[in-house]
Amino acid sequence: MTDPAPPDAAAPASPVSELIELLSLQRLEDNLFRGQSRDIGTKYVFGGQVLGQALSAAQATMEAVGDPADGPRSAHSLHAYFLRAGDIAAPIVYDVDRTRDGGSFSVRRVTAIQHGKPIFVMAASFQIDEPGVEHQLSKPEVPDPDDLAPTPQIPPERLAKLPSKVQRWLNRMGPFEFRPVYPRDDLNPPKRPPFQQVWFRLGERVGDAPELHRALLAYASDFHLLGTTTFPHGISYYQPNVQMASLDHALWFHRPFRADEWLLYAIDSPSAQGARGLARGQVFDRAGRLVASTAQEGMIRVLPEGRAD
């Protein structure tokens with residue numbers, strides 16, 4: 001009789017599990033939190049990570065606020081500025097200011113700090129669940145996500161010619177699956193009108209906590225948004241002479257949703273000027289409900305050919 005095979009080594013965490021862990025902050029004090037950073041192939045900390053972590057920190061200070069009979073207060077909007085590039089190799093400390101707790105609304109201000117300096121500031125507003133008038137714009141008429149092919153992998157020989165950071169970004173298996181309605185080759189970008197629609201969802205089913213799904217959507221909302229501003233110019237983030245960085249980000253939550261079910265991100269860019277571009281987004285669920293809206297302005301610099309700072 002042969003000896004039993006040794007137990008397998010612990011399976012590596014899935015990208016979804018890693019993201020959940022990333023958004024689960026360590027509480028240092030009542031209003032002070034620490035989050036880790038993850039290198040996903042970007043030069044600096046991914047903006048969506050800081051958005052999701054800052055919202056997680058703000059949400060954690062909403063415990064036992066207001067009259068329990070009114071129910072919990074949920075985030076309905078956030079407005080943020082990216083002040084400095086984040087260091088991937090260092091943790092981020094989130095300092096939450098409990099600015100106001102009123103009868104129906106609460107406001108939190110969050111400062112993200114690295115190496116003793118603020119890299120990001122955000123204000124978030126929370127509200128009790130209240131009835132009221134309702135209307136919304138209609139979801140664009142686009143193919144269903146099941147009718148779209150997953151994004152194809154870049155051929156290895158083409159990937160090998162790119163910088164290592166770009167290779168890691170393009171070759172990663174991220175926590176979200178994206179299916180663009182009209183895919184674009186970002187390594188050889190054509191000129192197109194400044195709009196796109198992208199279906200996306202978390203790669204695994206997760207728990208039901210609305211706070212988690214809002215933090216996940218905050219993370220995902222930074223994908224594809226600023227890139228839409230480059231469409232009319234035939235450029236992309238992956239070109240060595242193109243510099244791009246998020247400057248600010250706004251996100252409004254309208255209706256309940258799940259980040260692990262298909263959502264449609266409909267994005268347009270009304271203007272680019274002065275080395276900046278503006279993009280707006282609407283997030284619809286599969287039933288056509290408008291669940292969130294976004295806006296972001298970012299820096300876009302096209303350096304002279306042969307120069308890449």
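Examine segment 202-220 for a residue that is of a type in the set (A, V, I, L, M, F, W, C), surrounded by fewer than 19 Cβ atoms within 10 Å (Cβ to Cβ) and in contact with a His (Cβ under 6 Å, 6 or more places away or on another chain), and state whether such a residue exists. Give the derivation first.
First pass over segment 202-220, keeping only residues of a type in the set (A, V, I, L, M, F, W, C): 202, 206, 209, 212, 215-218, 220.
Now narrow it down to the ones that are surrounded by fewer than 19 Cβ atoms within 10 Å (Cβ to Cβ): 206, 209.
So of that shortlist, the ones also in contact with a His (Cβ under 6 Å, 6 or more places away or on another chain) come out as none.
No - not one qualifying residue is present in segment 202-220.
If I filter segment 75-119 down to residues being under 21 Å from Leu216 (Cβ atoms) and touching a Lys or Arg at 6+ places or on another chain (Cβ under 8 Å), which single residue comes out as surrounded by the fewest Cβ atoms within 10 Å (Cβ to Cβ)? I'd like the intermediate steps shown before the answer.
The first filter runs over segment 75-119 and keeps only residues under 21 Å from Leu216 (Cβ atoms), leaving 75-80, 82, 86, 88, 91-92, 94, 96, 108, 110, 112.
In the following step, the residues that additionally are touching a Lys or Arg at 6+ places or on another chain (Cβ under 8 Å) were identified as 75, 88, 91-92, 94, 96, 108.
Details: Ala75: 23, Ile88: 16, Pro91: 13, Ile92: 23, Tyr94: 25, Val96: 22, Arg108: 26.
My answer is Pro91.
Given the conditions (1) assigned to a strand (DSSP E or B); (2) under 16 Å from the mean Cα position of the chain (by Cα); (3) of a type outside the set (S, T, N, Q); (4) over 20 Å from Phe120 (Cα atoms), report the number of the one that Gly227 does not fulfil.
If we test Gly227 against (1) assigned to a strand (DSSP E or B); (2) under 16 Å from the mean Cα position of the chain (by Cα); (3) of a type outside the set (S, T, N, Q); (4) over 20 Å from Phe120 (Cα atoms), just (1) comes out false.
Return the residues of segment 29-47 that are within 21 Å of the chain's Cα centre (by Cα) and part of a loop (DSSP other than H, G, I, E, B); say none if nothing qualifies. Before you say what the answer is, go through the steps one by one.
First pass over segment 29-47, keeping only residues within 21 Å of the chain's Cα centre (by Cα): 33-47.
Residues satisfying the conditions are Gln36, Ser37, Arg38, Asp39, Ile40, Gly41, Thr42, Lys43, Tyr44, Val45, Phe46.
Going residue by residue through segment 150-171, is there one that turns out to be small (Gly, Ala, Ser), closer than 22 Å to Ile267 by Cα and modelled with pLDDT under 95? Even if it seems obvious, please write down each step before you answer.
Pass one, segment 150-171, residues small (Gly, Ala, Ser): 160, 164.
If we keep only those that are closer than 22 Å to Ile267 by Cα as well, we get none.
No: segment 150-171 contains no residue that is small (Gly, Ala, Ser), closer than 22 Å to Ile267 by Cα and modelled with pLDDT under 95.
Can you work out which of the residues in segment 221-243 that are in contact with a Leu (Cβ under 8 Å, 6 or more places away or on another chain) and under 22 Å from Gln282 (Cβ atoms) is surrounded by the fewest Cβ atoms within 10 Å (Cβ to Cβ)?
In this case the residue turns out to be Asp222.
Yes or no: Pro189 assigned to a loop (DSSP other than H, G, I, E, B), touching a residue at least 12 places away in the same chain (Cβ under 8 Å) and more than 17 Å from the chain's Cα centre (by Cα)? Outline the logic, then answer.
Details: assigned to a loop (DSSP other than H, G, I, E, B): yes; touching a residue at least 12 places away in the same chain (Cβ under 8 Å): yes; more than 17 Å from the chain's Cα centre (by Cα): yes.
Taking the combined requirement at face value, the residue satisfies it.
Assess whether Glu261 counts as being in contact (Cβ under 8 Å) with a residue 40 or more places away in the chain, surrounded by fewer than 17 Cβ atoms within 10 Å (Cβ to Cβ) and over 30 Å from Pro304 (Cα atoms).
Taking the combined requirement at face value, the residue satisfies it.
Kindly evaluate Leu290 against the criterion of being in contact (Cβ under 8 Å) with a residue 40 or more places away in the chain, touching an Asp or Glu at 6+ places or on another chain (Cβ under 7 Å) and under 18 Å from Val181 (Cβ atoms).
Numbers: in contact (Cβ under 8 Å) with a residue 40 or more places away in the chain: yes; touching an Asp or Glu at 6+ places or on another chain (Cβ under 7 Å): no; under 18 Å from Val181 (Cβ atoms): yes.
The answer is no for Leu290.
Only one of these is among the aliphatic types (A, V, I, L, M) and either under 21 Å from Gly207 (Cα atoms) or within 15 Å of the chain's Cα centre (by Cα) (or both): Ala250, Ala272. Name it. Walk me through it before giving the result.
Values: Ala272 fails: either under 21 Å from Gly207 (Cα atoms) or within 15 Å of the chain's Cα centre (by Cα) (or both).
After applying the criteria, what remains is Ala250.
Does segment 271-290 hold any residues that are of a type outside the set (Asp, Glu), in contact with a strand residue (DSSP E or B) (Cβ under 6 Å, 6 or more places away or on another chain) and within 15 Å of Gln197 (Cα to Cα), and which are they?
Of segment 271-290, the ones of a type outside the set (Asp, Glu) are 271-284, 286-290.
When the remaining residues are screened for being in contact with a strand residue (DSSP E or B) (Cβ under 6 Å, 6 or more places away or on another chain), the result is 271, 275-284, 290.
Residues satisfying the conditions are Ala279, Arg280, Gly281, Gln282, Val283, Phe284, Leu290.
Check Val50, Val16, Val65 and return the single one that is within 14 Å of the chain's Cα centre (by Cα), surrounded by 13 or more Cβ atoms within 10 Å (Cβ to Cβ) and either closer than 16 Å to Ala209 by Cα or at pLDDT below 95 (or both). Reasoning before the result, please.
Working: Val50 fails: either closer than 16 Å to Ala209 by Cα or at pLDDT below 95 (or both); Val65 fails: within 14 Å of the chain's Cα centre (by Cα).
None of the other options fit; the residue is Val16.
What residue, among those in segment 179-201 that are at pLDDT below 95 and in contact with a Phe, Trp or Tyr (Cβ under 8 Å, 6 or more places away or on another chain), is farthest from Gly281 (Cα to Cα)?
Here the residue is Leu187.
The values are calculated or read from the model by the stated rules, or taken from the named source; none is laboratory data. In this text, all values refer to a predicted model and were calculated from it rather than measured experimentally. For neighbour counting, all protein chains shown are included, and Cβ atoms are generated from backbone atoms with ideal geometry for every residue, glycine included.
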